Amino acid sequence: MTGGRAPLMTSGQTIWLILIGLTLLAAWTDWRGRRIPNWLTVTGLAFGVALNSWWQGWEGAKSSLQGAGLALVLLLPVVILRGLGAGDWKLMGAIGAFLGPRLFVVVLTVSVLVAGAMAIVQMIRAKRVVRTLKNLVVLVHGFIVFGLRPNPNVSLDDAESLKLPFGVAAAIGTLLCGCAALWRVRL
């Protein structure tokens, strides 16, 4: 504090605001073109590590790298099974770099719930509930037996499959968690 004044924003608030901006930009590009560019995700990951290192030193760098690593390792099987795009995967790595492992898990959980709600609405609108549920069984089976081979019937490459812009769900999840954190609600 200088001259008895409190800072306008804390480092945590600044991180949330920058991350919300990053994820909203990613959501916009994902919505428009179903792609999240590397310049956004890789730069976001590096910026998250740099900010945390600058404000918290080694502990910040360590937490940032743990968050990014957790995101990338945890979601890699989903990418390999073609249930998640590489841009979405790298975006989640950037979110982990900004937030560290604990808050990343919260944002991931909220984002998955948002994506689930979006998927339910999308499959009802497209009248493909039965086919989607069958595909879900195939995908879950792939996780259970850990058969990390893409299934051509359940893949982002299938032209007939319903595409869900996960970047939008990640942005909504980040926005919800960020608003809760900015308004000091315990996560």
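The numbers here are math on the coordinates, done by the rules we state, and not lab data. All values derive from a computational prediction rather than experimental measurement. Glycine gets a Cβ as well: all are built from the backbone with ideal geometry, and neighbour counts include every protein chain shown.
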Relative contact order for region 54-135, counting Cα pairs under 8 Å that sit 6 or more residues apart, in percent: 31
Lysines with Cα under 20 Å of K134, excluding same-chain neighbours fewer than 8 positions away: K163
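Find the relative contact order for region 11-182 and round it to a whole percent, using C-alpha pairs within less than 8 Å whose residues are 6+ positions apart. Each step should come with its number before you reach the end.
Numbers: 238 pairs, mean separation 57.1, N = 172.
It rounds to 33 percent for region 11-182.
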FRET E, pair I144, V112, Förster distance 22 Å, beta-carbon r, rounded to 0.05: 0.80
Two-site label geometry, V121 and Q66: point separation in nm, points 7 Å out along Cα→Cβ: 3.6
Radius ratio Rg over Rh of region 11-182, counting only Cα atoms, Kirkwood formula for Rh: 0.99
